[in-house]
Amino acid sequence: MRWNHAGIKTADLDRSLHFYCDILGFRKLEEVEVLGKLFHFVGNDTVKIEIEPCGPTDTQADMREHSGLYHLCFTVEDIAATAADLEEKGVEFMLPPSQFRPDRKIAFIRDPDGVIIQLIQYL
């Protein structure tokens, strides 16, 4: 098996596309219609994320109270520069760049729907 993509449901498609493309720097890869619903894929050469609009009766998952997928993690080259860029764009950090192990630095942010995203720089 090989990794393919992660799927995220969003309450506001435009807000999520803005976050993942304009703020995180991914690009729109494709749109796919399945059973009358449009799925949007964003990413780059190594990451692919499917963004699906919520239905009117969908409720938001609160991972503090549920088990299952907890966060996404992206490797960055320079966590300090990435953090400065994200802060300039209005992203708030759950955990600012921190070093708990000698070989890496990490930080945590949330997407507009509350999905937790870890950033990691290997030293």
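The values are calculated or read from the model by the stated rules, or taken from the named source; none is laboratory data. Small disclaimer: the values here were computed from a predicted structure and weren't measured. For neighbour counting, all protein chains shown are included, and Cβ atoms are generated from backbone atoms with ideal geometry for every residue, glycine included. SASA here: full protein model, heavy atoms, side chains in, ligands and nucleic acids out. Shrake-Rupley method; radii C 1.70, N 1.55, O 1.52, S 1.80 Å.
Structure values in brief
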{"read-out": "Selection from region 41-80 of residues that are among the β-branched types (V, I, T) and over 23 Å from C21 (Cβ atoms)", "value": "T57, T59"}
{"read-out": "Whichever residue in region 26-35 is out of contact with any strand residue (DSSP E or B) (no Cβ under 6 Å at 6 or more places or on another chain) and free of Cβ contacts under 8 Å to residues at least 12 places away in the same chain and, among such residues, is most open to solvent (accessible area, probe 1.4 Å)", "value": "L35"}
{"read-out": "Members of region 26-55 found to be more than 23 Å from L86 (Cα to Cα) and assigned to a strand (DSSP E or B), listed by number", "value": "E30, E31, V32, E33, V34, K37, L38, F39, E52, P53"}
{"read-out": "Yes/no for I120 being outside any loop (DSSP other than H, G, I, E, B), surrounded by 11 or more Cβ atoms within 10 Å (Cβ to Cβ), touching a Gly at 6+ places or on another chain (Cβ under 9 Å) and at negative phi", "value": "no"}
{"read-out": "Test: residue in region 56-78 that is part of a strand (DSSP E or B) and out of contact with any strand residue (DSSP E or B) (no Cβ under 8 Å at 6 or more places or on another chain)", "value": "no"}
{"read-out": "Enumeration of residues in region 90-107 that are open to solvent by less than 40 Å² (accessible area, probe 1.4 Å) and in contact (Cβ under 8 Å) with a residue 24 or more places away in the chain", "value": "V91, I106, A107"}
{"read-out": "Residue list for region 23-59, restricted to those being among the basic types (K, R) and at pLDDT below 95", "value": "K37"}
{"read-out": "Selection status of I23, within 22 Å of N4 (Cα to Cα), among the aliphatic types (A, V, I, L, M) and surrounded by 14 or more Cβ atoms within 10 Å (Cβ to Cβ)", "value": "no"}
{"read-out": "Matching residues, region 60-102, being at pLDDT below 95 and over 27 Å from L29 (Cα atoms)", "value": "D62, M63, R64, E65, H66, S67"}
{"read-out": "Test result for A6, surrounded by fewer than 15 Cβ atoms within 10 Å (Cβ to Cβ) and either modelled with pLDDT of 95 or more or under 28 Å from R104 (Cα atoms) (or both)", "value": "yes"}
{"read-out": "Checking V42 against (1) closer than 22 Å to R2 by Cβ; (2) of a type outside the set (K, R); (3) touching an Asp or Glu at 6+ places or on another chain (Cβ under 6 Å), the condition it does not meet", "value": "(3)"}
{"read-out": "Test: residue in region 58-70 that is at negative phi and in contact with a helix residue (DSSP H, G or I) (Cβ under 9 Å, 6 or more places away or on another chain)", "value": "no"}
